[in-house]
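Worksheet for the structure shown next.
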Amino acid sequence: MNMLGKKQVLRRNFSFLTMLGFASTCIASWEGILTYLNFILIDGGTPLLFWGFVACATGMTLVYASLAEMSSMSPTAGGQYHWVSEFAPRKYQKVISYYSGWLTAVGWQVYLASVCFLVGTTIQGLIALNNPDYSYARWHGTLLAIAIVFFTISFNTVFASKLPLVEGIALAVHITGFLAIVITLWATAPRRTAADALLNFTNEGGWSSTGLSSMIGLLAPTAVLVGYDCSVHMSEEIRDASITLPRAIMGSVMLNVTLVFTIIITISFTLGDPADVLASPTGYAFIQTFYDATGSLAGASVMTFIVIFMLSVCAVSEAATCSRQIWSFARDAGLPGHKWLSQVSPHWNIPLLGIVVSLSISALLSLINIGSSVALNAITSLGAVATLLSYYLTIGCLVHRRLFGAPLPDRRWSLGRYGLAINAGALVILTPLIFFLTWPLTTPVTAETMNWSSVMLLGVFAIATVYYVVKGRREYVGPVVLVRRDE
């Protein structure tokens, strides 16, 4: 921290195990893939869920191995924008780092709003399961999402010192809840044939070909593989971070990939009739699958509650990640209001204003659903686009440094002689993922089918550019401009 010109102000109270729990629950991988089941049953079906996840998980492991090595070199809460500042060519260091910081901040703010809303709508699904007379209303989901926002506030303020303990407990529930659901489904659900489960791709979305439908559906398995940089933004609260952090990143990736792969196999063979579960009055195919398997409202409700509980913990973890990231970026004068956003509460030893801003944004974004669920879905997809772009910029700068710059800084977790190949492979996998996340998707494009994330991304860049021209270019200098280790 001293070498990088930063002052240690946060309490280092996370160990490897608690950070493993934080990273694993912040993504809520196997829980998340269940909530995306509706989407992929329409475009691609369970065969795409299986084979698509295998392909995406292999590629994204290269991405996180690259990030893990950089986290060992410079374990600071800034993460991507700090590493870009460290490794980008001197001429472009400041501006690329600045935009990387905005991308990361927007990505995590949107992700937090998304998971809060996801918890709210899943609670609606649980209500519909137990009350056939319940009538869905978008404003119900919005109010439930705002309630989750207030829930996350308490765990990130009053109980902030207990967060490592909470994450350790959540890790145990993350694993035991997974086992309970998987075992129950295999024991009680009917079986599908191997052909239906793994070979017969579907195209129920009206696309011109099954191949195109599958490329669209590929976004679902990708979604649960984005965001493992969450632990990076907590790095200034980790003990012995230069080795604990990269181990926690790769440990959480390996753990969650294993859990998701297992739940995918389970769902693929125990789903039942896809048309029936898609027509579920609960709004979620996985809730209907639980009920069809157990034949019990109580059993299906308990299984659904496990998912709701873990998604709620995910919201708590993401609020912590969001607040630390914008606090770090504000510390380097990259955001409007950076003088107060960079403050740390002396009482709770947390960036309190960063937490308040993050959760306020989430509550405001959830209001959009009252007017248009299409707009809210577009905003949530923006999170994946922005985060993947921040990965691309960061790893791209690292590749440039390996090829044309000075030797890399010392690190305790290294990719060794395979580093360049792994970094290049990461860029190869990120390119098509970013393309399909921003592609308008239909021709001709309509307001209902347009992928608005690309338009919103341009809007984010426009806002960031205006602030940079008006004020940022004079104040933001990049976190390591004075101590770059290639000079």
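Only a single item in (1) closer than 23 Å to Val84 by Cβ; (2) open to solvent by less than 10 Å² (accessible area, probe 1.4 Å) is not met by Pro336, and it is number (2).
Criterion first (at pLDDT 85 or above, part of a helix (DSSP H, G or I), of a type outside the set (Gly, Ala, Ser) and within 21 Å of Asp273 (Cα to Cα)) does Thr46 satisfy it? Taking the combined requirement at face value, the residue satisfies it.
Here the range 78-101 is the region considered, the condition is being in contact (Cβ under 8 Å) with a residue 40 or more places away in the chain and surrounded by fewer than 24 Cβ atoms within 10 Å (Cβ to Cβ), and the residue that is nearest to the chain's Cα centre (by Cα) is Tyr99.
Among the residues of the range 177-186, none qualifies, meaning not one is within 29 Å of Pro432 (Cα to Cα), of a type outside the set (D, E, K, R), out of contact with any strand residue (DSSP E or B) (no Cβ under 9 Å at 6 or more places or on another chain) and surrounded by 15 or more Cβ atoms within 10 Å (Cβ to Cβ). Annotation: of all residues in the range 246-263 being surrounded by 24 or more Cβ atoms within 10 Å (Cβ to Cβ) and farther than 16 Å from Ala223 by Cα, the one that is farthest from the chain's Cα centre (by Cα) is Pro246.
Selection of the range 210-243 for residues being within 30 Å of Ser74 (Cβ to Cβ), part of a helix (DSSP H, G or I) and under 21 Å from the mean Cα position of the chain (by Cα) yields Thr222, Ala223, Tyr228, Asp229, Cys230, Ser231, Val232, His233, Met234, Ser235, Glu236, Glu237.
Each residue in the range 127-159 was checked for being surrounded by fewer than 21 Cβ atoms within 10 Å (Cβ to Cβ) and assigned to a helix (DSSP H, G or I), and 15 of them qualify.
Those helices (runs of 4 or more DSSP H) of the range 369-474 in which 3 or more residues are open to solvent by 30 Å² or more (accessible area, probe 1.4 Å), more than 22 Å from Ala65 (Cβ to Cβ) and modelled with pLDDT of 90 or more occupy 453-467.
The values are calculated or read from the model by the stated rules, or taken from the named source; none is laboratory data. This structure is a prediction, so every number in the text was calculated from the model and none was measured. Methodologically, a virtual Cβ is constructed for each residue, glycine included, from the backbone with ideal geometry; neighbour enumeration extends over all protein chains shown. Note: accessible area is taken over every heavy atom of the protein model, side chains too, but ligands, DNA and RNA are not part of it. Shrake-Rupley method; radii C 1.70, N 1.55, O 1.52, S 1.80 Å.
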